[in-house]
Amino acid sequence: MKNKLLVIMILISGAFLYPFSCEGQTNLPCDPVYVEDPIQEAKINQLQKDLSAELDKNDALVLQMTTLSGELEVVKADLSNLQIIANTQGELITVLEKDLADCQAKPPATVTDTIYKEADYITVAGKQYKVSDIELIKPFKEIDTVVVSHCDSTKYTKWFHHGGISGYPHYISFSTKEYSMVKVLFTDSLTNEIKVQQQYTLKRIKDYSKAETVYEFIN
């Protein structure tokens, strides 16, 4: 009797424990069992660190490539612009070289002075001169300023009007201590105040083509 009760109790207990046991169950999950392995954990941690470092390097390389790609586009644009400028410069140089060659190939358009070596003559402004007769070639005109004074007291000074006493400008001649009689162009009237001046500032014009010297009154 006792044995029967013990078997019954075991069966009842087994009936209660059946859903919580892995035995006899099919297609039901069991709780996983983790076993700690320090060596494996250290290896995993190291690999994670290595992977993270390589990912950082990769991000830096991608950023550098992006930056360099942008700079490359700028350099390409600059290079393209420089090539255009170089082409234009080359065309300009070609034109200038051609113009220079054309100018060098052409004789002078006009010849103002001609030297005849065979006859030893020189032509200046259409006029011939024998070289052996020329000592000094003067310019056509020399202009400077001089100061003159009356030859005698102003009360004895005579004024010689060329072409009449009225109507200016006209030439007036008078005696000076420095250059004897001078022929002076007055653009305005010869006043009494001017007549009694002690000195006169004149513009002197030496005209070598006419072989004469004339003066203009300044003050």
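Observations on the structure shown:
- Region 202-219, subset among the charged types (D, E, K, R) and loosely packed, with under 13 Cβ neighbours inside 10 Å, residue modelled with the highest pLDDT: GLU212
- The set of residues in region 103-142 being at pLDDT below 60 and among the small types (Gly, Ala, Ser) consists of ALA119 alone.
The values are calculated or read from the model by the stated rules, or taken from the named source; none is laboratory data. For clarity, every value in this text was computed on a predicted model and none was experimentally measured. Neighbour counts are summed over all protein chains in view; Cβ atoms, including those assigned to glycine, are modelled from backbone coordinates with ideal geometry.
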